[in-house]
Amino acid sequence: RSGMYKRDLPFIGGQEGGGVVAAVSDEAANEGIQVGDRVAYSVFGSYAEYTAVPAAKLLPVPKEVGLDVATACVVQGLTAHYLTTSAHANLIQPGEWCLIHGVSGGTCQWAAQMAKIRGFKVIGTCSKGKEDIAKKLGCDELIALDEVAGTSYEDYTSVDIVKRVMEVTNNVGCKAVIDGIGKSTMDISIDSLAHRGIFVSFGNASGAVPPFPVLRLINKSAYVTRPKLLDYTVTRAELVERANDIFGWLRDGKLHVAVDKVFPLEDAAEGHLYLEAGKSKGKVLYKC
């Protein structure tokens, strides 16, 4: 929306979807894909009634999982999965503390629950206006923040988060910080780390993280990574393994997903304004 990720114009928006297979190529049929299969997928150009999807990108959806939830899983769920299982490079172990910013938002609702499934102790931040959502996620500690005047966004200056993190962790800090907020939380995230902890910066909700000298990390011999989903779903086997974990947790009741609002596809612009205003309390979908 902001133009941070450049695309040639014109283009069809969207990069995830879900539905029923309407037609298959011979190649797809040879891989076992059939007309009528329920699937979810991630490809560019999904704001459409029909989308041509390579067979390797299709994720079969178990009958116990709704298509709306499966669609929500594709980017946010898979992102949360690699953030909590891989991006931290095993620098955090079960029983250690993890700080996750914005747990009332889409991706980090998933991440907070997955971090608990992994056995981590979780500190979550959220706005007071979305605290009701965050309380359902099982965080060990929740830091509720005031909202920036006239918006639904968290005011990360309203609470001394680093001080609270150190109180909760007995001055140890967090072995991993999962941060999709960006510019507003960079210093908080780095200062909240434990020795040899990792700052996982994956989003830019408040703006991109500005350049900073690596010497900034020397106090705690800390690590930093700026990952993206495509590098953690390089092969179909990796993609399916992550999706199967997620669908299994959903089926077993270990993971709960909030689909916040569904807009008709023709109201896509209205949906983006809703997201830009920070109003969402879960996944926003478009329906054809």
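The values are calculated or read from the model by the stated rules, or taken from the named source; none is laboratory data. Since we're looking at a predicted model, the values are computed, not measured. Reconstructed Cβ throughout: ideal geometry from the backbone, glycine too, with neighbour counts over all protein chains shown. Accessible surface is based on the protein model in full, side chains and every heavy atom, while ligands, DNA and RNA are left aside. Shrake-Rupley method; radii C 1.70, N 1.55, O 1.52, S 1.80 Å.
Structure above, values below:
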| quantity | calculated |
| --- | --- |
| Filter pass, Lys228 being open to solvent by 40 Å² or more (accessible area, probe 1.4 Å) and over 24 Å from Ala80 (Cα atoms) | no |
| Single condition Ala87 does not satisfy, out of (1) touching a residue at least 24 places away in the same chain (Cβ under 8 Å); (2) in a loop (DSSP other than H, G, I, E, B); (3) open to solvent by 10 Å² or more (accessible area, probe 1.4 Å) | (3) |
| Single residue of the stretch 114-141 satisfying the filter (assigned to a helix (DSSP H, G or I) and of a type in the set (Lys, Arg)) that is surrounded by the most Cβ atoms within 10 Å (Cβ to Cβ) | Lys130 |
| Single residue of Ala194, Ala176, Ala205 found to be part of a loop (DSSP other than H, G, I, E, B) and either within 15 Å of the chain's Cα centre (by Cα) or closer than 18 Å to His88 by Cα (or both) | Ala205 |
| Residue list for the stretch 142-173, restricted to those being in contact with a Leu (Cβ under 8 Å, 6 or more places away or on another chain) and assigned to a loop (DSSP other than H, G, I, E, B) | Asp155, Tyr156, Ser158, Val159, Gly173 |
| Which numbered condition Ala52 fails, given (1) touching a residue at least 12 places away in the same chain (Cβ under 8 Å); (2) at negative phi | (1) |
| Checking Thr71 against (1) in contact with a strand residue (DSSP E or B) (Cβ under 6 Å, 6 or more places away or on another chain); (2) among the hydroxyl-bearing types (Ser, Thr, Tyr); (3) in a loop (DSSP other than H, G, I, E, B), the condition it does not meet | (3) |
